[in-house]
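The values are calculated or read from the model by the stated rules, or taken from the named source; none is laboratory data. The model shown is predicted, which means the values in this text are computed figures rather than measured ones. Because the Cβ atoms are built from the backbone with ideal geometry, glycine has one as well, and the counts that use them run over all protein chains shown. The accessibility values were calculated without ligands, DNA or RNA, using every heavy atom of the protein model including side chains. Shrake-Rupley method; radii C 1.70, N 1.55, O 1.52, S 1.80 Å.
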Amino acid sequence: MLTTKVVSNKKPPLLSDSESGGSTSLPSGKISYYKASATNPWCYTWINFLGINSQNYIYQMMKKTDDIYIIHNLDITKYKTLIDEIINLQENNVIHYLKANSLLFLILAQLFEDINLSENQMQTKSLANDLKFYFDVNYAEKLILKDIAKKFGIHPNYLTRIFHEKFHLSPKQYIMQLKLKKARSLLITTELSISIIASSLGFDDQLAFSRTFKKEFSISPSIYRKYYAEK
């Protein structure tokens, strides 16, 4: 799903307040939570699309942005216009089918252009990259390497080895990095309770999350939030 926010102010992924001019790309099958400002809400327009290469296109865009699902600071007027054109193609015939596909390709091309994603920057498809994409999308869930290995048809030890060879981190280390990066963002940008943040990122409880956070950053989540709130 491609969502273009036009006007601005549970289960993971948890998306916090976002500003005007943002595009949110969500892989299929993900349950997401949106929260807009109560006093200055945004509206949005969106489309769903499928295709053999669609997952790879989304993956490449996710890799190029700081926030895995969100592209910031876009000129969203042109995207809304294109999406509206697709929506207005009401007839179920080959002409409108081809028009809709051409407009979708134009949207993807403009997104690639706006984030300066060139072909030589795109990562080639490989098992290690497929695993990384899976972790990028599902890191907030309680992932079990044995189950992931079974999903990909490989042995858990082989999964760990090829991932480490490619990215110089174990899968568990990489997943935890993603969880803690998102946790820091949520602590700073939202008023969600620490227990909600912990559960949304797949921790067993608030205590387990706080211990892990403090071990990594030498500061508790509550003090971390207070520190940035006072800056």
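Would you call residue 197 out of contact with any Lys or Arg (no Cβ under 8 Å at 6 or more places or on another chain), modelled with pLDDT of 95 or more, in a helix (DSSP H, G or I) and open to solvent by less than 90 Å² (accessible area, probe 1.4 Å)? Criteria not met by residue 197.
Restricting attention to the range 90-109, the residues that are open to solvent by 40 Å² or more (accessible area, probe 1.4 Å) and of a type outside the set (Asp, Glu) total 13. Taking the stated definitions as given, is residue 139 of a type outside the set (Gly, Ala, Ser) and either at pLDDT 95 or above or open to solvent by 40 Å² or more (accessible area, probe 1.4 Å) (or both)? Considered against the rule, which asks whether it is of a type outside the set (Gly, Ala, Ser) and either at pLDDT 95 or above or open to solvent by 40 Å² or more (accessible area, probe 1.4 Å) (or both), residue 139 comes out as no.
Restricting the search to the range 203-231, which residues are small (Gly, Ala, Ser), open to solvent by less than 60 Å² (accessible area, probe 1.4 Å) and either part of a helix (DSSP H, G or I) or at pLDDT below 90 (or both)? Across the range 203-231, the qualifying residues are 208, 210.
In the set 11, 64, only one residue is open to solvent by 20 Å² or more (accessible area, probe 1.4 Å), touching a helix residue (DSSP H, G or I) at 6+ places or on another chain (Cβ under 8 Å) and at pLDDT 65 or above; that residue is 64. Would you confirm whether any residue within the range 167-179 is surrounded by 14 or more Cβ atoms within 10 Å (Cβ to Cβ), touching a strand residue (DSSP E or B) at 6+ places or on another chain (Cβ under 9 Å) and closer than 20 Å to residue 128 by Cα? Among the residues of the range 167-179, not one is surrounded by 14 or more Cβ atoms within 10 Å (Cβ to Cβ), touching a strand residue (DSSP E or B) at 6+ places or on another chain (Cβ under 9 Å) and closer than 20 Å to residue 128 by Cα, which makes the answer no.
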